[in-house]
Amino acid sequence: MRPTEEVEKLAKSESQIASCYVSQFTMKDGTEVTLRPIRPTDEPLMTRFHQTLSDRSVYMRYFCSLSLKSRVAHERLVRICFVDCDREIALVVDREERATGQHEILRVARLITSSPKNEAELAILVSDKYQKQGLGTELLHRTIQIARDKKLRRVWGELLRDNLAMQIIARKLGFRFRLCSGAASITAVLEI
């Protein structure tokens, strides 16, 4: 396949996904947000998103301390914002400031499929300012629905044992927990 054909195929796939997975949600505080697939043009928004994260939130997601410089490196953000929709779906929670028209990403969820096993790994990261607003539960619901739409048989995510908030959300949605080889983490598994 020629490079231009490959780009056209990805663009068509991205367009189809974008139209299917865009929806509105009202947070507990009344703020209206849009859940939508990530776009290549989201790189500046992702840079600002990473600037809102505390060291603890970064550690809870990546299981280590990552500097802001490494998280917002152009090469990394290009890879994160331009996904291969056949293999991966990334949803963002987008809030528009009505007065200015400026957009802000509040949360990101990623579903990475593994074809041979017909399952997907799930990862979620939320801006500290918008925690406890119902976004985690809603985004997890949406990614589970995407997994069902893709006819996957299982979704799973690895969590630090200290991440009690995500464990509570996952348990409410039917995930089961398994201890990982490392004592610091557990795997949350949902059979679909």
**Message:** Going residue by residue through the range 68-81, is there one that turns out to be within 17 Å of residue 124 (Cβ to Cβ), of a type in the set (Ser, Thr, Tyr) and either open to solvent by 90 Å² or more (accessible area, probe 1.4 Å) or part of a helix (DSSP H, G or I) (or both)?
**Reply:** no
**Single condition residue 104 does not satisfy, out of (1) under 20 Å from residue 71 (Cβ atoms); (2) more than 12 Å from the chain's Cα centre (by Cα); (3) open to solvent by less than 20 Å² (accessible area, probe 1.4 Å); (4) free of Cβ contacts under 8 Å to residues at least 60 places away in the same chain** = (3)
**Item:** Tabulated pairs, the range 107-123, first over 14 Å from residue 153 (Cβ atoms), second assigned to a strand (DSSP E or B) and modelled with pLDDT under 90, C-beta under 7 angstrom, 6+ apart or interchain
**Value:** 107/126
**Fill in**
Of the residues in the range 125-160, those that are within 27 Å of residue 31 (Cβ to Cβ), in contact with a strand residue (DSSP E or B) (Cβ under 7 Å, 6 or more places away or on another chain) and open to solvent by 30 Å² or more (accessible area, probe 1.4 Å) come to 138, 142
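Quick check on residue 42: is it on the phi < 0 side of the Ramachandran plot, acidic (Asp, Glu) and open to solvent by 20 Å² or more (accessible area, probe 1.4 Å)? Walk me through it before giving the result.
Numbers: on the phi < 0 side of the Ramachandran plot: yes; acidic (Asp, Glu): yes; open to solvent by 20 Å² or more (accessible area, probe 1.4 Å): no.
Judged against the criteria, residue 42 is not a match.
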**Message:** Kindly evaluate residue 53 against the criterion of being outside any loop (DSSP other than H, G, I, E, B) and at pLDDT 90 or above.
**Reply:** no
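The values are calculated or read from the model by the stated rules, or taken from the named source; none is laboratory data. This is a predicted model, so every value here is computed, not measured. For neighbour counting, all protein chains shown are included, and Cβ atoms are generated from backbone atoms with ideal geometry for every residue, glycine included. Surface accessibility is based on the protein's heavy atoms, side chains included, excluding ligands, DNA and RNA. Shrake-Rupley method; radii C 1.70, N 1.55, O 1.52, S 1.80 Å.
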